[in-house]
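Take a look at the structure set out below.
The values are calculated or read from the model by the stated rules, or taken from the named source; none is laboratory data. This one's a predicted model, so the numbers in the text were calculated from it and none came from an experiment. Neighbour counts are summed over all protein chains in view; Cβ atoms, including those assigned to glycine, are modelled from backbone coordinates with ideal geometry. Heads up: the accessible areas ignore ligands, DNA and RNA and are worked out on the full protein's heavy atoms, side chains in. Shrake-Rupley method; radii C 1.70, N 1.55, O 1.52, S 1.80 Å.
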Amino acid sequence: MTWIWTLFLLLSILYSTAGGQTAALSAAAMSGAGQGVTLTLSLAGPLCLWSGISRVMEESGLTARLSALVAPLLRRLFPKAWRDPAARDALCGNLAANLLGLGNAATPLGIRAVQQMALGTGGRASDELCRLVVMNTASVQLIPTTVAAVRAGLGSAAPFDLLPAVWVTSLCSVSVGLLAAKVLSRWVRSS
């Protein structure tokens, strides 16, 4: 990926130099850098807020209650991992963080769950591990905090007005992903 970005950069420099547009390239680069910093700072506030809320939810036991709510579903999707308390806690935390749209908080929990689930598999991904990857990739969300933060940072008057679309797409992407994982799992076993 580094080579691709380096190639794009070099091509834009060469093209602007050949066309006598180096001043425009410099101005665009500075403007883009400034917009990147502004966007990063506008995302930092909401991310800190939701991370704090996540911590409060964890300390108050609300995360445990949310985990208990999704436990029947997780128990069916991950029966082997459910027997391991460390994997179970990481799975519940990962799903709870994803439901709240806190992808950054979900990642370490997902990695911990994958590490626990990979123990004793001989380096081969189990069906349960594949389902976890599918669920994280599909990004099931109830509250899309990162997207709302980007929208708010860019001046949206109603950054959460996309909730119904997020719910429908989350449900569809997770359903299709889990169905595909199940079909492919059976196909691999039969061949």
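A few points about this structure:
- Surrounding net charge for residue 78, when Lys and Arg each add one and Asp and Glu each subtract one, Cβ distance under 10 Å: +3
- For trypsin sites (Lys or Arg not before Pro), the sites in the stretch 122-171 that DSSP calls loop and that have at most 10 other Cβ atoms within 10 Å are 124.
- Which labelled figure in [x] 12.2; [y] 14.7; [z] 15.3 is mean projected area of the Cα convex hull in nm², once derived from the coordinates: [z]
- Helix 22-60 axis versus longest C-alpha principal axis of the chain: approximately 30°, rounded to the nearest ten.
- Based on DSSP H segments of at least four residues, each scored -39500 (n - 2.57), the chain has a per-residue ellipticity at 222 nm of -27500 deg cm²/dmol.
- Furthest towards positive pole of dipole, 99, 138, 181, structure part the stretch 35-191, Cβ charges: 181
- In degrees, nearest ten, helix 163-190 long axis to first principal axis of the chain (Cα): 60 degrees
- Fully extended contour minus Cα-Cα distance, from residue 18 to residue 184, at 0.36 nm per residue: 54.6 nm
- With every protein chain in place and a 1.4 angstrom probe, the accessible-area ranking of 137, 22, largest first, reads 137, 22.
- J(HN,Hα) series, the stretch 151-162, from Karplus relation 6.51 cos²θ - 1.76 cosθ + 1.60, nearest Hz, glycine and proline x: 4, 5, x, 9, x, 5, 6, 9, x, 9, 6, 9
- Net lengthening on full extension, residue 143/residue 6 (0.36 nm per residue, minus Cα-Cα): 45.7 nm
- Applying 0.36 nm per residue to the separation of residue 121 and residue 33 and subtracting their alpha-carbon distance, the gain on full extension is 27.1 nm.
- Within the accessible area of the stretch 34-188 (1.4 Å probe), percent carbon and sulfur: 69 percent
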